[in-house]
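Here is the structure we will look at.
The values are calculated or read from the model by the stated rules, or taken from the named source; none is laboratory data. This is a predicted model, so every value here is computed, not measured. Every residue, glycine among them, receives a Cβ derived from its backbone with ideal geometry; neighbour counts consider all protein chains shown.
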Amino acid sequence: MPALRTLLAIPLAATLFCMFPGSSTTLATPATDATLPLLVTEGKAPAAALLAREGGTTRFVRTGPTIRRTDHFRAGSITKSFIATVVLQLAAEHRLRLSDTVDDHLPGLLRDHAVSLHSLLTHTSGLPDFTARTHGTIPVSPRTAVQLAEADPPSPRGHWSYSNTNYVVLGMVIGQVTGHSYATEARRRIIEPLHLTGTSFPGTRTTLPTPHGRAYDATGDDVTTLNPRVAGAAGELISTLTDLNRFYTALLKGRLLPPDQLRTMLNTRTAQGRYGMGLYPTKLPCGTTIWGHNGRIEGSYVRTEATRTASRVVTFRTNTDTAKNTPELERRLLTAEFCQPFSRSGT
């Protein structure tokens, strides 16, 4: 796993969640409302919150001080779902092809002239992760991010290897194709049509919109103020629980992409079943496969998951990026949420 303060907790392998359907763990699944506090009591996060929705019913649960349903927070690599959606929309408009190379749009940017947009979207390009050098704490320009990445040896092309550099490059491609920044295109194509009023690309703004809580690192230091250039198109997004649920619902219900592009986004074959394009699948013990993404940036961790048809969706977050035993706690929380009838309790 990359250094502690990287932009994303690498998507948890589906096998981590696959237990035998008849196991006692499946039968004894605790309610989500009882599971969320474990992120504080066992994971040692200062606070955690969850917003779930099924149909017209929502449920909000929180644990720990000063964390609210309406808070704005940094969403880290959930940004990648937005970037992938914009690229696939441009493909649907025939303004680019996924088989295009980066060189077709940005000649000379990459040392490897054969890297395709498809391989960037699926993390199979072989490009190293620039945050291995910046640790997600040093602001850099997109071109500097590429230069830092290419100072390290590449991974084998065609094999899945998660790299934030891939989506930094995609952000540059969006700018070249449209004449606008990736942030402008995401606002025009996603944020404004869906009325995601709490979602923004902050650019170089270091503060969070109000209302917001505080964000903490592993030592308990307040890291609420952050330069988003540590992340760029790989992870600069700011959002809310409500907005992320709304975005993934719209995406999986086909409101943002034509059917062919949505199928392409959900196709994990290229990445050996681990990743589609800006989304990844997780198979739960009860046999349900959910789709979503997680994001980790200094002082914040968030994850949104939904059923394939978005009949049920949940976003949960902590106000630190350093909670302990996160994979196991997330497994328990998601199993409780998606392998039982929807709970209407909460706060």
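Based on what the data block shows, is residue 303 charged (D, E, K, R) and crowded, with 23+ Cβ neighbours inside 10 Å? When the stated conditions are applied, residue 303 passes them. Out of 131, 101, one residue alone is under 20 Å from the mean Cα position of the chain (by Cα) and either at pLDDT 95 or above or surrounded by 24 or more Cβ atoms within 10 Å (Cβ to Cβ) (or both). It is 131. Scanning region 245-286 for residues that are aliphatic (A, V, I, L, M) and within 19 Å of residue 88 (Cα to Cα) yields 250, 251, 252, 256, 257, 262, 265, 266, 271, 277, 279. Take the conditions farther than 29 Å from residue 168 by Cβ and modelled with pLDDT of 95 or more and apply them to residue 47. Does it pass? Yes. Contact annotation: residue pairs with Cβ atoms under 7 Å, 6 or more positions apart or on different chains, pairing a residue in region 130-154 that is basic (Lys, Arg) with a partner that is crowded, with 17+ Cβ neighbours inside 10 Å, are 133/148. Only helices (runs of 4 or more DSSP H) whose full extent lies in region 126-214 are considered here, and the ones with at least 3 residues that are among the hydroxyl-bearing types (Ser, Thr, Tyr) and out of contact with any Ser or Thr (no Cβ under 6 Å at 6 or more places or on another chain) are 164-178. Note on region 241-342: enclosed helices (runs of 4 or more DSSP H) holding 2 or more residues that are within 23 Å of residue 160 (Cα to Cα) and either modelled with pLDDT under 95 or touching an Asp or Glu at 6+ places or on another chain (Cβ under 9 Å) (or both) are 326-338. Could you give every pair whose Cβ atoms fall below 9 Å, whose first residue belongs to region 249-267 and is within 13 Å of residue 85 (Cα to Cα), and whose second residue is of a type in the set (D, E, K, R) and modelled with pLDDT under 95, counting only separations of at least 6 or pairs across chains? Qualifying pairs under 9 Å: none.
Number of residues in region 289-324 that are of a type in the set (A, V, I, L, M, F, W, C) and either closer than 16 Å to residue 235 by Cα or free of Cβ contacts under 8 Å to residues at least 12 places away in the same chain (or both): the value is 2. Within region 278-288, the set of residues being on the phi < 0 side of the Ramachandran plot and in contact (Cβ under 8 Å) with a residue 60 or more places away in the chain comprises 279, 280, 281, 282, 283, 284, 285, 286. Could you go through region 283-297 and let me know if any residue there is of a type in the set (Ser, Thr, Tyr) and surrounded by 21 or more Cβ atoms within 10 Å (Cβ to Cβ). No, that holds for no residue. Here the condition is being among the β-branched types (Val, Ile, Thr), out of contact with any strand residue (DSSP E or B) (no Cβ under 6 Å at 6 or more places or on another chain), crowded, with 17+ Cβ neighbours inside 10 Å and touching a residue at least 24 places away in the same chain (Cβ under 8 Å); of 197, 178, it holds for 178 alone.
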